[in-house]
Amino acid sequence: MDNNQKILKAKGQERGARLAASILHPLASIRRLLSPALDLRSPGSLTVAPFPSDYRKNPYIFLLYDHLKKHEVQVLPKTRFTLLWLLRQRSRVDILHFHWPHFYYSSKYPLLSQIRFLTFYLKFRLALALGYKFVWTVHNLFPHEVKPSRKQAWLRKKLATSSELIVHCEFAGKRVRETWGKKEGIHLIPHGNYIGFYPHSVSREEARRKLGLADDALVYLAFGALRRYKGIPELIHSFQKFHHSVRTRPIPPEAWHGGVGNPMPLLLIAGKPLRRRVQQDIEKSARGKDFVRLHLEYIPDPEVQYFLAASDFIVLPYQNILTSGIAILAMSFGKPIIAPRLGCLPEILQEKTGLLYDPQSPDPLLKALEVSLRLDRHEAGKNSYKLAQRLSWEKIADKHLEVYQLVKRKTTPR
């Protein structure tokens, strides 16, 4: 696409947005006239509609709203971001709380993506005109699998400027201010822990027997949904060099905190690849390597404990990241973590909970893996768990309630 075509496309998108705004502008006056009759809520009530709607499928969202219910916040169990739903729920709902808005405006098919973009903007403007208040937890500045476009950036900025934003760390707040020029209405609330959510009753020995892992192996685990930005093929490449180094040269006692003789490193990769190409790349990288074990499938909640209990380290070889639920999961199971100094990770983790490496340095993963041999992983695991305990959902729910109450008192932006 040449520059003239790009300019024409951008102008077409802007005209579409202006058309949508012109269509919805009269609704603001209608809302002001009808709001006394439409609004049937009691002054002290607070009702939140979460998006995505089926929040029970996501442990973070489930735990958040489960604890908010204890504060007598009404949480709608199923929501639909449609024109009809918005009109019907006007008298019931105070706040629309989005987590990953791109689920509602994008698609991997270009034509469908254009349609969803326009309809989302129409519904967004209608919601504002009807008096809905927006909260957006910014888990990512932009979706991982979609290259940021001018159109997407424009829409996300519109949503950001019309919402109270929740971020999980100082770095995320800084990036929000830089990206969207938002100077206020940004609230720092950390990501809560997963202690007690997943079963955690099996021993290390039992977990290794189930997974077929040797008792004396030094197990490094990469866990969770497998996506391109998580850098699994690159991890396998670095681990191959690490394994060769460890198995072919003597490791002096001062360089190996854990036993007599050389360790037997093993890389365990568990989780479902979200794209076929990702799975193919991982399988190709792991082919012929007996020190790599693949479990490329969805891991049900009851099975999560086996992979965490069997591991000695959790490796997060991310190439880009803002916040990480897997880091919180590892901490909740008391595991030391190897991760890059990216996004929120330096604020979430501390040196005593594992290793943070500079992703711009030469062979960063290889060096981190080598340094991990000297780490007291048992002490680091204890420190990880102590940090996770501080991230209680009771405190996090309190902070969300404060944001909701603030939002409810504010005048709806237009």
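Here the range 214-232 is scanned for amide nitrogen atoms under 11 Å from the site 7 Å beyond the Cα of residue 144 along Cα-to-Cβ, giving 223-232.
Each Lys or Arg adds one and each Asp or Glu subtracts one; over the other residues with Cβ under 12 Å from the Cβ of residue 370, this totals +3. Tell me, Kirkwood radius of the range 182-231 from alpha-carbon pair distances, in Å? About 15.3 Å for the range 182-231.
Shown here: P(r) over Cα pairs in 10 Å bins from 0, in percent, derived from the displayed model; of the candidates (1) 4, 20, 28, 23, 15, 8, 2, 0, 0; (2) 4, 18, 25, 22, 15, 10, 5, 1, 0; (3) 4, 20, 28, 26, 16, 5, 0, it corresponds to (1). Between 0 and 90 degrees, the angle of helix 170-180 with respect to the longest Cα principal axis of the chain falls at about 40 degrees. Straight Cα distances below 17 angstrom link residue 284 to the aspartates and glutamates 234, 297, with same-chain residues fewer than 8 positions distant left out.
Against the chain, whose longest principal axis comes from its Cα atoms, helix 232-248 is set at around 10 degrees.
So which of 352/382; 241/382; 78/157; 151/272; 352/399; 57/272 end up more than 20 Å apart by C-alpha? Show your work: numbers first, answer last.
On the way: 352/382 9 Å; 241/382 29 Å; 78/157 26 Å; 151/272 30 Å; 352/399 28 Å; 57/272 16 Å.
Table pairs above 20 Å Cα-Cα are 241/382; 78/157; 151/272; 352/399.
Taking the helices alone, the chain has a mean residue ellipticity at 222 nm of -15000 deg cm²/dmol, built from -39,500 (n - 2.57) per DSSP H run of at least 4 residues and averaged over all its residues.
Quick note: the coordinates plus some simple rules give every number you see, no bench work behind them. In this text the structure is predicted, and so the values were computed from the model without any measurement. Cβ: placed from backbone, ideal geometry, glycine included. Neighbour counts: every protein chain shown.
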